[in-house]
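Read through the structure below, which is laid out as structure tokens, and then see the notes.
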Amino acid sequence: MSEILQRLAGHGVAIWLDDISRERLRSGNLADLVRDKNVVGVTSNPTIFASALSKGDAYDGQLHDLRVRGVDVGEAVRAVTTYDIRWACDVLRPVYDATAGLDGRVSIEVDPRLARDTERTVAEARALWWLVDRPNLYIKIPATVEGLPAITAALAEGISVNVTLIFSLERYRAVLDAWLAGLEAAKAKGLDLSRIASVGSFFVSRVDTEVDKRLEAAGTDAARALRGRAAVANARLAYAAFEEVIASERWQALAAAGAQPQRPLWASTGTKNPDYPDTLYVDELVTSGVVNTMPEKTLDAVGDHAKIDGDTVRPYYEQAWDTMAALKEAGIDYDDVVRVLEDEGVEKFEASWNELIDTVAAELKKA
């Protein structure tokens with residue numbers, strides 16, 4: 001087991017894998033990563049599933065049976081994806097039990113085409129929760145304006161939620177409020193709060209991608225000097241917002257009733273700019289009580305050469321605010337950046353979902 005990965009976990013960072021496939025499951029690779037690389041959770045999204053379905057023959061048997069049964073493509077997509085998620089939940093169940101439900105979690109996303117529809121998102125969350133039927137499941141709900149009440153409603157019913165596609169500090173604070181409201185409603189119903197878990201997935205690398213593009217367009221040396229700094233500053237300030245909420249009387253009342261914090265989860269942590277260190281969004285976001293979900297390429301890089309030297313979040317709040325001020329001075333419109341990123345995030349996942357549907361439809365015909 002990598003000493004660096006052990007050190008990262010020792011600093012309070014839960015290491016999750018941002019990938020899943022039937023081949024990874026049937027080969028035992030996921031179990032190997034749990035045993036050998038400190039992986040204690042798994043996230044998935046439509047892009048990951050579209051990629052998995054397009055490779056190899058791992059899904060052929062199930063797709064054949066679905067075709068023989070005359071299942072339509074929508075139901076087939078759900079059957080295939082929930083099968084993988086259920087299997088992954090079973091692989092991670094020992095971790096879930098050993099950590100009293102903190103880790104050992106596996107996430108599946110609601111149909112991203114419903115991101116702007118509150119009622120249908122809640123219905124989808126219920127259906128997925130029932131289909132997978134594992135206590136260590138997370139239902140991923142996007143942090144759109146319409147997603148916020150869906151987050152509250154799902155938590156109020158005892159459904160554990162991974163809130164995804166968070167880019168802005170303002171929206172993150174709204175997510176935290178929606179999470180608290182859901183737990184308060186669950187408490188009023190007499191539900192066991194200790195069994196309701198949540199993470200807030202704050203996206204990282206995409207922020208630098210969008211901001212750097214605008215800094216390049218600005219064309220000044222001062223603007224270019226700020227490249228690669230926005231994403232980490234934004235994430236650090238998100239953790240500061242999390243700490244404010246955890247210190248509030250509102251949260252303390254829920255904690256006293258057995259509730260667990262909604263951990264910040266750093267998502268999109270693979271660097272997209274080859275000029276940046278490949279472990280940038282791990283090295284610079286180390287602090288206790290967070291999750292970092294990584295594609296396997298990043299996981300391997302971290303295990304090989306990441307620089308894990310203590311807390312790299314809380315001591316740097318002032319620096320983060322200075323960075324945000326400098327970006328504003330350079331002409332970066334933060335509100336427009338995060339709006340563009342949310343819209344693009346939803347659109348990309350919708351496109352991946354449609355690709356997944358097309359892939360399953362084609363495979364059903366072949367089967």
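The values are calculated or read from the model by the stated rules, or taken from the named source; none is laboratory data. All figures in this text were calculated on a predicted structure; none of them were measured in a lab. Every residue, glycine among them, receives a Cβ derived from its backbone with ideal geometry; neighbour counts consider all protein chains shown. Each accessible area value is taken on the protein alone, full model and side chains, heavy atoms only, with ligands, DNA and RNA left out. Shrake-Rupley method; radii C 1.70, N 1.55, O 1.52, S 1.80 Å.
Dipole of segment 246-359 computed with +1 at Lys/Arg Cβ and -1 at Asp/Glu Cβ about the Cα centre; of Leu280, Ala253, Asn292, farthest Cα towards the positive end is Ala253. Along the axis of the charge dipole computed for the chain (Cβ charges of +1 for Lys and Arg, -1 for Asp and Glu, origin at the Cα centre), the listed residues Val163, Tyr96, Ala217 are led at the positive end by Tyr96.
Placing a pseudo-label 7 Å from each Cα along the Cα-to-Cβ vector at Arg26 and Glu318 gives an inter-label distance of 5.8 nm. Relative contact order of segment 1-108: 31 percent, from C-alpha pairs under 8 Å at least 6 residues apart in sequence.
Basic side chains Lys and Arg get +1 at the Cβ, acidic Asp and Glu get -1 at the Cβ, and with that the dipole of the chain about its Cα centre reaches some 760 debye.
Ligands, DNA and RNA excluded, the heavy atoms of Ser54 present near 80 Å² of accessible surface to a 1.4 Å solvent probe. In the context of the full set of protein chains, residues of segment 107-248 present 35 Å² of accessible surface per residue (probe radius 1.4 Å, heavy atoms only). Per residue, segment 316-367 exposes 57 Å² of solvent-accessible protein surface, assessed with a 1.4 angstrom probe and all protein chains in place.
Taking the Cα atoms only, what angle lies between the long axis of helix 317-329 and the longest principal axis of the chain, rounded to 10 degrees? Once rounded, one gets 80 degrees. With the simple spin-label model, which puts each label point 7 Å out from Cα in the Cβ direction, the Lys213 to Glu296 separation comes to 2.9 nm. Rolling a 1.4 Å probe over the heavy atoms of the protein chains gives segment 254-303 an accessible area of 33 Å² per residue. Each Cα pair under 8 Å and six or more residues apart adds its sequence gap; the mean of these over the residue count of segment 155-205 is a relative contact order of 60 percent.
Any of Lys55/Lys365; Lys37/Lys297; Lys272/Lys328; Lys37/Lys307; Lys140/Lys365; Lys37/Lys140 with alpha carbons more than 21 Å apart? Name them for me. Among Lys55/Lys365; Lys37/Lys297; Lys272/Lys328; Lys37/Lys307; Lys140/Lys365; Lys37/Lys140, the Cα-Cα distance tops 21 Å for Lys272/Lys328; Lys140/Lys365; Lys37/Lys140. Only helices enter the 222 nm calculation for the chain: every DSSP H run of n ≥ 4 contributes -39,500 (n - 2.57), and dividing by all residues gives -18000 deg cm²/dmol, rounded to 500. Can you give the FRET efficiency to the nearest 0.05 for Ala256 and Thr220, using r as the Cβ-Cβ distance and R₀ = 51 Å? For Ala256 and Thr220, the calculated efficiency is 0.45. In segment 29-73, whose amide N lies under 12 Å from the spot 7 Å out along Cα-to-Cβ of Lys366? List them in ranges. Only 53-61, 63-64 fall inside the zone, counting backbone N under 12 Å. Label-to-label distance for Lys272 and Tyr83 is 3.3 nm, based on points extended 7 Å past Cα in the beta-carbon direction. Relative to the Cα centre, the charge distribution of segment 1-73, modelled as +1 at Lys and Arg Cβ and -1 at Asp and Glu Cβ, gives a dipole magnitude of about 80 debye. Helix 147-156 and the long axis of the chain differ in direction by around 60°, with both axes built from C-alpha atoms. Kirkwood-type hydrodynamic radius, segment 1-153: 16.5 Å, calculated from all non-identical alpha-carbon pairs. Figure note: Arg67, Arg24 ranked by solvent-accessible area, largest first, 1.4 Å probe, ligands and nucleic acids not counted: Arg67, Arg24.
Pairs of Cα atoms nearer than 8 Å and 6+ residues apart set the relative contact order; for the chain it is 22 percent.
The long axis of helix 60-69 is offset from the longest Cα principal axis of the chain by roughly 60 degrees. What part of the accessible area of the chain, given as a whole %, is carbon or sulfur when the probe is 1.4 angstrom? Heavy-atom surface of the chain belonging to carbon and sulfur, 1.4 Å probe: 50 percent.
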